[in-house]
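What follows draws every value from the coordinates through simple rules; no lab data is involved. Every value quoted in this text rests on a predicted model; they were computed, and no experiment measured them. Using ideal geometry, Cβ is built from the backbone for each residue, glycine included, and neighbour counts are taken over all protein chains shown.
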Amino acid sequence: MEPLSSPLLTKTTMISPTPALSIAPAQVIRGVDRLAEAGEAIAAFGSRPVIVGGDRTLKLIQPHLQPIIETHQLKANWANYTPDCSESSLEKLQQICADHQGDLVIGVGGGKSLDIAKLLAYRTRVPIITIPTSGATCAAWTALSNIYTNEGAFLYDVGLAKCPDLLILDYSLIQTAPQRTLIAGIGDAIAKWYEASVSSGHSEETLIVAAVQQARVLRDILFQKSVAALSEPGSQTWREVVDATVLLAGAIGGLGGHSVGL
């Protein structure tokens, strides 16, 4: 009996490779006072963390992280990223990480500190945990870092191999930030719809369409809830707005990336 023959079995199909996607962090922990409860999750990634942030943020976060460091016997190095999220700062941080034999990077703060922490982890090939301290940025979520001059002027961005290994969104910590930072985050998140609709509203690619439509949903949520949220910091509506500016805004970037101008 002759073997069955089928074009599906005999024909070789050449499939063009597609770029790797990194849409979301591997794990997200969110809630009130969740950082205090995240010790085991943090310690699972390493025992010699390099904690990256600005002067004020490191002072703010130390009382929250120090009990975790002591309980889990971590050997931490607190590293200031100044003068900016720049090439010279990155070089300094890489040396700090090497000298400390760091096996984990924890980024704390706003966009620039999270961006340089993510890039440091990428360059040193260690896990990255992001802990945002305001609702003004989606950098805690995305697989992207922006690089600036020492004076703060934008230079270029770097696409990373993956989103953070762990994102800890502690509403209690976010609430300590000035309200103007959340207002800035709301404005930036609303702008994503206008950027996406102009740059990619015509696209028929599934994930780009999804990103554009999610940007519209993000805009609508913020139009509906922002006023109430800002009048009641810490309320359920306020938390939903923080989720929108930090998490949903980041997810849009993960789906669409540069294609939707995010």
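Summary of computed values
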quantity: Alpha-carbon centroid distance for the pair the stretch 201-233 / the stretch 123-158, whole angstrom; calculated: 22
quantity: Expected 222 nm ellipticity per residue - DSSP helices of 4 or more, -39500 (n - 2.57), all of the chain, to 500; calculated: -14500 deg cm²/dmol
quantity: Residues 193, 78, 141, sorted so that the one with the fewest Cβ neighbours within 10 Å comes first; calculated: 78, 193, 141
quantity: Gyration tensor (alpha-carbon) shape descriptor, the stretch 179-260, a/c threshold 1.5; calculated: prolate
quantity: Ordering of 214-221, 144-151, 166-173 by packing [mean C-beta count within 10 Å, highest first]; calculated: 166-173, 214-221, 144-151
quantity: Gaussian network model of the chain, Cα within-10 Å springs - most flexible of 242, 108, 32; calculated: 32
quantity: Residues 89, 113, 197 arranged by fewest to most Cβ contacts within 10 Å; calculated: 197, 89, 113
quantity: Residue exposure sequence - 133, 142, 237 - by fewest surrounding Cβ within 10 Å; calculated: 237, 133, 142
quantity: Unit charges on C-beta of K, R, D, E only; dipole of the stretch 28-174, Debye; calculated: 120
quantity: In the chain, lysine pairs closer than 28 Å at Cα, eight or more apart or cross-chain; calculated: 18
